[in-house]
1. Under 5 Å between amide hydrogens, which residues at least 5 positions from Gly140 or on another chain qualify, with H placed 1.01 Å from N in the peptide plane?
2. Would you mind getting the accessible area per residue of the chain, heavy atoms of the protein chains only, 1.4 Å probe, in Å²?
3. Once phi is turned into θ = phi - 60°, what whole-Hz ³J(HN,Hα) does the Karplus curve with 6.51, -1.76 and 1.60 give for every residue of the range 80-89, x standing for Gly and Pro?
4. Which order do peptides 1-7, 74-80, 93-99 fall in by mean Cβ count within 10 Å, highest first?
5. What is the helix-to-structure angle for 105-118, meaning the angle in degrees between its Cα long axis and the longest Cα principal axis of the chain, kept from 0 to 90 and rounded to the nearest 10?
6. What is the percent carbon and sulfur in the accessible area of the range 8-120, measuring with a 1.4 Å probe over the protein chains and ignoring ligands?
7. With the contact rule set at Cα under 8 Å and sequence spacing of 6 or more, what percent relative contact order holds for the range 62-148?
8. Is the shape of the range 7-63 rounded, prolate or oblate, going by the alpha carbon gyration tensor and its root eigenvalues a ≥ b ≥ c, with a/c under 1.5 for rounded and a/b larger than b/c for prolate?
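The values are calculated or read from the model by the stated rules, or taken from the named source; none is laboratory data. Since this is a predicted model, take the numbers as computed values, not measurements. Here the Cβ positions follow ideal geometry from the backbone for every residue, glycine too, while neighbour counts run over all protein chains shown. Each accessible area value is taken on the protein alone, full model and side chains, heavy atoms only, with ligands, DNA and RNA left out. Shrake-Rupley method; radii C 1.70, N 1.55, O 1.52, S 1.80 Å.
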Amino acid sequence: MAEVEGIVRSTGFYRAKAKALVGMAQALVARHGGAVPATLAELVPLPGVGRKTANVILGNAFGINEGIVVDTHVQRLARRLGLTREPDPVRIERALMPLFPREGWALLSHLLIWHGRRVCLARTPACDRCVLADVCPSAGVVAARSRG
């Protein structure tokens, strides 16, 4: 356990993450012969794996678009862009799914996360250099509110 803690120490909450990683690895060996399963139903019960992580694994490792990864960036952008008013990640995912083609769900998450980290920042969105500003109902409004 100490070795895994050392590897993940810089990520924060390293003790809990190390415990989940070791538990997940043990469960993979015990339940799946050491192979990573390719279904949401088999991934979610693994220690430390929730719906978001399962969707990341399915989309990136297996090319399976089972759902849309909703992290804090996707959550913020979905609401700012007026795609949903839902506050809950699972409800946001359900609201986004019919709006975008299934084959693009994994890429959509990556694009929204990138945009949220580089342009549409939580406190100071750069609406002046946003490619979505002309269709975003929050363009300029969030930035002005942040200054006030």
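1. Sorted by chain and number, the residues that satisfy this are Cys127.
2. It amounts to 61 Å² per residue over the chain.
3. Whole-Hz 3J(HN,Hα) from phi for the range 80-89: 4, 6, x, 7, 6, 10, 5, x, 8, x.
4. Taking the mean over residues of other Cβ atoms within 10 Å, the ranking is 74-80, 93-99, 1-7.
5. 60 degrees
6. Carbon plus sulfur share of accessible area: 60 percent.
7. Relative contact order comes out at 32 percent.
8. Oblate is the answer for the range 7-63, as a/c is 1.5 or above yet b/c matches or exceeds a/b.
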